[in-house]
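Data first, discussion second: the structure below is written as structure tokens.
The values are calculated or read from the model by the stated rules, or taken from the named source; none is laboratory data. On a predicted model such as this, the values are computed, not experimentally measured, just so you know. Because the Cβ atoms are built from the backbone with ideal geometry, glycine has one as well, and the counts that use them run over all protein chains shown.
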Amino acid sequence: MFKVVYSSSSKKVWRCLAMFAIKRELKLNNVETSLMRGNAGFKRWVYNFGLDLLTASWSFEDIKTSDSKRIDAIKKVFTQVTMLIPEYAWMKLYPSTVYQSAFIDLKDAFSRWRKGLAEFPKKKSKKKGDSFTLYKTAGIYPLIGEPPLPFTNRVVISAGKLIKLPGLKELRLKERIDFMCSSQTFTVSRTADKWFVAFMLDAQKIPPIIHPIETIGVDLGMKVLATCSDGTFYDMPVTTKKAKTKLGKIQWRNRNKLLGNKKRRIKASNNALKYYTQLAKQHAHIANIRQDTTQKMTTDISRKAAVIRIEDLNVSGMIANHKLASAVSNNCFYEIRRQLTYKQPFYATRVELVDRWFPSSKMCSKCGHIQPMGLSERVYNCGNCGNIQDRDDNASNNLRDAPFDKIRLA
Ligand SMILES: [Zn+2]
């Protein structure tokens, strides 16, 4: 699906040819939230209305026509009769694409069912989450299987934290969109109490990605999460420490509870069951903070540099060493590597692994002198050229400058 093209102009520029979706959380006030709920409710109403009429129409045996044509007829009834009833005047408050897409979805659902690809279409319910679709109505929305419409029907989205969806007012986004782009169809959806907008991008229209740094060395450390050769470093937020302290407290306070044991057939007390849920929540909380931090960090690094060099750590070996185990699993080395690797096509980066026997922390990054370095030594003090450097800084510089025979692709 992805194809990364390297153009050999004087400035190194990577271009990513791909189709991919952008999904952003919307930052809504109460008025906007109820508008979104209204839109989703409208779509659900129309879908269920169409579903009812279609199944009812099958009982008239003298009408012999396809589902698609029946749905077209139902749509006519909806726009020319139903929408004009004063009771349904509220429908005019919402963009027309909302009900149009409901009929498109209905056609799609029935054709999938007829082909045996899906179960019989069910009525939509609020419990299953909300969603609706918006698109620009400069032309005719393509039917299923038809080619997409020309560029004129596309909505241009400018870079930043605001988005103007067709038929709605400008909305705020929680996370910015990095570049000007265009799309045709937008899907707004709700998960729990959060609202999202998603749209497909034709990445050929994305401006080429220019990385300010060509090669970066990233040293995954014990003390800080990661140190980069450009002098920046990333660390776990203080909240992880707080959350872990709280975890310890929860465990200590509940040390005398009658915990269940299946082997010995001891049933857990009611309070122990409450404790288990509390424990699970706290563990999930810590995992969430970690995931959030590493995701932000790997995205940041991928935007910064074209080539990312990290140490090919023997993670399982390090975890076996109990002194290193906690530091390694805390700082989720493997997870960082996984994220950097899968983000390659999105940011047109290349992740390179430096041989695990390459002496990145024992070598001087200035003169190449190698000397022993204890695990607890925080500063590299070169015995040859007198270079004094932070241990992790020195290692990240060495990773960046590692010789080619010590490198393999991730
Ligand atoms: Zn030196």
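A few remarks follow.
- Condition met for Lys343 (at pLDDT below 90 and either within 16 Å of the ligand (Cβ to nearest atom) or in contact with a strand residue (DSSP E or B) (Cβ under 9 Å, 6 or more places away or on another chain) (or both)): yes
- Test: residue in segment 243-266 that is modelled with pLDDT under 85 and in contact with a Gly (Cβ under 8 Å, 6 or more places away or on another chain): yes
- Residue count for segment 361-399 satisfying the condition of being in contact (Cβ under 8 Å) with a residue 12 or more places away in the chain, within 16 Å of the ligand (Cβ to nearest atom) and of a type in the set (D, E, K, R): 5.
- Filtered by the rule that a residue be in contact with a helix residue (DSSP H, G or I) (Cβ under 7 Å, 6 or more places away or on another chain) and either part of a strand (DSSP E or B) or acidic (Asp, Glu) (or both), segment 367-387 gives Glu377, Val379, Tyr380.
Residue-wise test of (1) aromatic (Phe, Trp, Tyr); (2) over 17 Å from Asp392 (Cβ atoms); (3) surrounded by 15 or more Cβ atoms within 10 Å (Cβ to Cβ); (4) more than 18 Å from the chain's Cα centre (by Cα).
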residue: Ile336; (1), (2), (3), (4): no, no, yes, no
residue: Gln339; (1), (2), (3), (4): no, yes, yes, no
residue: Lys343; (1), (2), (3), (4): no, yes, yes, no
residue: Val354; (1), (2), (3), (4): no, no, yes, yes
residue: Ser361; (1), (2), (3), (4): no, no, yes, yes
residue: Cys367; (1), (2), (3), (4): no, yes, no, yes
residue: Ile370; (1), (2), (3), (4): no, yes, no, yes
residue: Leu375; (1), (2), (3), (4): no, no, no, yes
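- Residues (touching a residue at least 12 places away in the same chain (Cβ under 8 Å) and more than 14 Å from the ligand (Cβ to nearest atom)) located in segment 400-410: Arg400, Ala402, Lys406, Ile407, Arg408, Leu409, Ala410
- Of everything in segment 389-410 that is exposed (fewer than 12 other Cβ atoms within 10 Å of the Cβ) and assigned to a strand (DSSP E or B), the residue that is modelled with the highest pLDDT is Arg408.
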